[in-house]
Amino acid sequence: MEVTDTQAFSDRLLPFAQARGLVGISRSQIYVLLEKGEFPKPVKVGRTNYFSANELQAWIEKRLSQRTDGQ
């Protein structure tokens with residue numbers, strides 16, 4: 001069986017350091033946002049946390065859309 005819908009497989013899992021670099025905030029701030037439920041939840045693989053690249057991009061886009069003209 002061949003999969004033709006490449007969008008179904010376009011998401012990548014990023015390790016914490018790469019996720020942090022993508023969003024540009026500190027490790028501690030990510031943990032604060034996770035506690036508040038305001039940051040995409042990680043996926044645990046073994047002992048390592050990974051983040052969905054698509055979810056992080058959506059989070060960034062949401063933050064950008066919430067900006068006001070004065071900021």
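What follows is calculated from the coordinates using simple rules that are stated; it is not laboratory data. Computed from a predicted structure; not experimentally measured. Heads up, the Cβs are rebuilt from the backbone with ideal geometry, glycines too, and the neighbour counts pull from every protein chain shown.
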| request: Kindly list, by first and then second residue, each pair from a residue in the range 13-38 that is closer than 14 Å to residue 51 by Cα to a residue that is of a type in the set (Ser, Thr, Tyr) and loosely packed, with under 15 Cβ neighbours inside 10 Å, limited to pairs with Cβ atoms under 8 Å and residues at least 6 apart or on different chains. | output: 15/48; 16/48; 20/26
| field | Any chance residue 65 is out of contact with any Gly (no Cβ under 7 Å at 6 or more places or on another chain) and in contact (Cβ under 8 Å) with a residue 12 or more places away in the chain | value | no
